[in-house]
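K.L.:
First the structure, which I've put down as structure tokens, then a few questions once you've had a look.
The values are calculated or read from the model by the stated rules, or taken from the named source; none is laboratory data. These numbers were taken from a predicted model, which means no experiment stands behind them. A quick note on method: Cβ atoms are made from the backbone with ideal geometry, for glycine too, and the neighbour counts reach across all protein chains shown. Keep in mind that these areas ignore ligands, DNA and RNA; they rest on the heavy atoms of the full protein, side chains included. Shrake-Rupley method; radii C 1.70, N 1.55, O 1.52, S 1.80 Å.
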Amino acid sequence: MEENFASDTQRIAKAKKMKIFVSFAAGMAGLLFGLDIGVISGALPFITTQFELSHQLQEWVVSAMMLGAAIGAISTGWISFNLGRKKSLMTGATLFVLGSLGSALAPNVEILLISRVLLGFAVGIASYVAPLYLSEMSEKEDRGKLISMYQMMVTIGILVAFLSDTAFSYSGNWRMMLGIISLPALLLMCAVFGLPDSPRWLASKGKFEKAKEILRMFSPTDDKADAEFKEIHQSLEIKQEGWSLFKENKNVRRAVYLGMLLQAMQQFTGMNVILYYAPQIFKHAGFASTEQQMIATVICGATNVLATLIAMKTVDNSGRKPILKIGFAGIALGTFLLGVCLYMINSGFNPLWISVLAVIMTLFTITSFAMSAGPVVWVLCSEIQPLKSRDFGVACSTTTNWIVNMIIGATFLTLIAKFGIAATFWIYTALNISFIVLTILLVPETKGISLEGIEKNLMEGKRLRDIGI
Ligand code: BGC
């Protein structure tokens, strides 16, 4: 009896260790995602001076990565379906190393651009495979938390990139800024070696015994693992795959469109505009020196990380849907008041309190995003797709994320030139209000229900908002 108890506790401890390792490895992919998003803003001025870049080439240096990421995300559906999640992550990690070293050593802007596309490809793979892998490796009780942790690693990556940019900015060493990312990329390569393949993917390839073995490694009891295996097996009985399933099955189409809509909503919140524009907002608000603005950027990065912690705490308890509604409402309020402050400042009414309010609203908007749409959209997107078309569905939603990200970046300056900075933020306010309505009408609550349960409801033709609990 006592022996049994001891072996049970040992097993639980081992399963826990495995889970921590899996989260760490997938989290490393998130960290690299964030590092690559965050690093370029600090490096760009120095690269511009060295290669005497035109305005257009500067935009290309930035967006080459997003282009690569969109291509990466779209093609990873195929890679990850055929090779599995583990080998896809390995491909991503290798490209991360090559892309970072290539950018750091680039003798001219052409090589830099090619390396940035390669890096983007790696980011596309990471942003696609890691949340998917995590959702397949976790139990329903902590799925939301695990994927939110992945998002937290993304935000830590952005923050670390801001910090390292600041450190290297004194010497102007942009090659170090870009090259240092190859170290965590190497670490990711090592970690991926030790990862098991996803039991859901193995089962979809007919490798049932291996799938069972891995499920048992992660489960406190064999019974629990076998019950989970049964659920996976049942969900595999629906034949067809990806694109063909998308063409033939209305329910699959609904899930794919919902995933794409969620990612478009996440990007159209305007969060990235706030992140990129933060130094300027702080400048408007009277923090004039470069050092003050760098500190401000780091404060934004840190706020982003801390607020993601709130999501990790709440996503599996309060659920996805309430957090999402509160988040969109917060971003709407934040961008509205930020617009009002900037409007007043631009009209010459500039007492200190307005500047302080502008800064507070910037941080408030970041917080509202980071505790809601930031993590929750990635969580939902990896949950709502049926197993047989999961790769295709997640590829579509992740690619949407990168394409809209590119659109946001490319239109922001034009919008400001046309409507002014205040009205530009008010456009985002209006969009966020409409997202509250869309969330109420279309988004399901998926906390505490198994992926197979969600799939069953979807395939029975239930309304999208009812496919969860
Ligand atoms: C978004 C990124 C964004 C980041 C900020 C992610 O969920 O997809 O576009 O830059 O959050 O933390």
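K.L.:
Mind checking which pairs have a first residue in the range 28-39 that is aliphatic (A, V, I, L, M) and a second that is not in a helix (DSSP H, G or I), Cβ under 9 Å, 6 or more apart or different chains?
P.N.:
32/181; 35/180; 35/181; 39/180; 39/181
K.L.:
Any residue at all in the range 212-229 that's away from the ligand (no atom under 16 Å from the Cβ), in contact with a Phe, Trp or Tyr (Cβ under 9 Å, 6 or more places away or on another chain) and not in a helix (DSSP H, G or I)?
P.N.:
no
K.L.:
From the list 216, 200, pick out the single residue that is touching a Ser or Thr at 6+ places or on another chain (Cβ under 9 Å), on the phi < 0 side of the Ramachandran plot and among the basic types (Lys, Arg).
P.N.:
Answer to the selection: 200.
K.L.:
So in the range 303-327, with the set limited to residues that are of a type in the set (Ser, Thr, Tyr) and within 16 Å of the ligand (Cβ to nearest atom), which one is least open to solvent (accessible area, probe 1.4 Å)?
P.N.:
Within the range 303-327, the match that is least open to solvent (accessible area, probe 1.4 Å) is 308.
K.L.:
Of the numbered conditions (1) under 21 Å from residue 294 (Cα atoms); (2) more than 16 Å from the ligand (Cβ to nearest atom); (3) under 20 Å from the mean Cα position of the chain (by Cα), residue 171 fails exactly one; give the number of that condition.
P.N.:
(3)
K.L.:
Continuing with the same structure: Mind telling me which of the residues 372, 347 ends up being polar (S, T, N, Q) and more than 28 Å from residue 67 (Cα to Cα)?
P.N.:
That would be 347, the only listed residue that is polar (S, T, N, Q) and more than 28 Å from residue 67 (Cα to Cα).
K.L.:
So for the range 96-109 (the condition being within 16 Å of the ligand (Cβ to nearest atom) and part of a helix (DSSP H, G or I)), does at least one residue qualify?
P.N.:
Checked the range 96-109: no residue is within 16 Å of the ligand (Cβ to nearest atom) and part of a helix (DSSP H, G or I).
K.L.:
Let me ask something else about it. So if I check each of 405, 432, which one is within 26 Å of residue 71 (Cα to Cα) and either in contact with a helix residue (DSSP H, G or I) (Cβ under 7 Å, 6 or more places away or on another chain) or among the basic types (Lys, Arg) (or both)?
P.N.:
405
K.L.:
Looking at 148, 127, can you tell me which residue is crowded, with 24+ Cβ neighbours inside 10 Å, touching a Pro at 6+ places or on another chain (Cβ under 6 Å) and under 27 Å from residue 297 (Cα atoms)?
P.N.:
Of 148, 127, the one residue that is crowded, with 24+ Cβ neighbours inside 10 Å, touching a Pro at 6+ places or on another chain (Cβ under 6 Å) and under 27 Å from residue 297 (Cα atoms) is 148.
K.L.:
Now for a different question. Inspect the range 88-96 for any residue being out of contact with any His (no Cβ under 8 Å at 6 or more places or on another chain), open to solvent by 20 Å² or more (accessible area, probe 1.4 Å) and in contact (Cβ under 8 Å) with a residue 60 or more places away in the chain and give the result as yes or no.
P.N.:
yes
K.L.:
Checking the structure you have, find out if any residue of the range 148-166 is away from the ligand (no atom under 15 Å from the Cβ) and outside any helix (DSSP H, G or I).
P.N.:
For the range 148-166, residues away from the ligand (no atom under 15 Å from the Cβ) and outside any helix (DSSP H, G or I): absent.
K.L.:
Listed residues 230, 210, 224; which is over 27 Å from residue 96 (Cβ atoms), touching a helix residue (DSSP H, G or I) at 6+ places or on another chain (Cβ under 8 Å), open to solvent by 70 Å² or more (accessible area, probe 1.4 Å) and of a type in the set (Lys, Arg)?
P.N.:
Matching residue, one of 230, 210, 224: 210.
K.L.:
Scan the range 36-56 for residues that are open to solvent by 60 Å² or more (accessible area, probe 1.4 Å) and either in contact with a His (Cβ under 9 Å, 6 or more places away or on another chain) or outside any helix (DSSP H, G or I) (or both) and report the count.
P.N.:
So the count comes out to 1.
K.L.:
Name every residue in the range 339-363 that is more than 16 Å from the ligand (Cβ to nearest atom), in contact with a helix residue (DSSP H, G or I) (Cβ under 6 Å, 6 or more places away or on another chain) and open to solvent by less than 40 Å² (accessible area, probe 1.4 Å), in order of residue number.
P.N.:
Matches in the range 339-363: 339, 341, 342, 345, 354, 358, 361.
K.L.:
Please work out if residue 419 is free of Cβ contacts under 8 Å to residues at least 40 places away in the same chain and within 16 Å of the ligand (Cβ to nearest atom).
P.N.:
no
The rows are residues; the columns are (1) of a type in the set (Phe, Trp, Tyr); (2) part of a loop (DSSP other than H, G, I, E, B); (3) closer than 13 Å to residue 369 by Cβ.
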site: 282; (1), (2), (3): yes, no, no
site: 286; (1), (2), (3): no, yes, no
site: 300; (1), (2), (3): no, no, yes
site: 333; (1), (2), (3): no, no, yes
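K.L.:
Another question about this same structure. Quick check on this structure: which one of 178, 195, 183, 134 is open to solvent by less than 20 Å² (accessible area, probe 1.4 Å) and over 30 Å from residue 314 (Cα atoms)?
P.N.:
That would be 178, the only listed residue that is open to solvent by less than 20 Å² (accessible area, probe 1.4 Å) and over 30 Å from residue 314 (Cα atoms).
K.L.:
Is it true that residue 245 is under 21 Å from residue 386 (Cα atoms), in contact with a Ser or Thr (Cβ under 7 Å, 6 or more places away or on another chain) and within 16 Å of the ligand (Cβ to nearest atom)?
P.N.:
Judged against the criteria, residue 245 is not a match.
K.L.:
Quick check on the range 364-381. Is at least one of its residues assigned to a loop (DSSP other than H, G, I, E, B) and more than 10 Å from the ligand (Cβ to nearest atom)?
P.N.:
The answer is yes; a qualifying residue exists.
K.L.:
Restrict the check to the range 371-383 and report whether at least one residue is crowded, with 21+ Cβ neighbours inside 10 Å and either farther than 28 Å from residue 262 by Cβ or more than 16 Å from the chain's Cα centre (by Cα) (or both).
P.N.:
no
K.L.:
Test of understanding: among 446, 399, 439, 414, which residue is within 23 Å of residue 66 (Cα to Cα) and open to solvent by less than 20 Å² (accessible area, probe 1.4 Å)?
P.N.:
399 is the lone residue from the list that is within 23 Å of residue 66 (Cα to Cα) and open to solvent by less than 20 Å² (accessible area, probe 1.4 Å).
K.L.:
Residue 27 - would you say it is within 16 Å of the ligand (Cβ to nearest atom), out of contact with any Gly (no Cβ under 8 Å at 6 or more places or on another chain), open to solvent by less than 30 Å² (accessible area, probe 1.4 Å) and closer than 19 Å to residue 198 by Cβ?
P.N.:
Taking the combined requirement at face value, the residue satisfies it.
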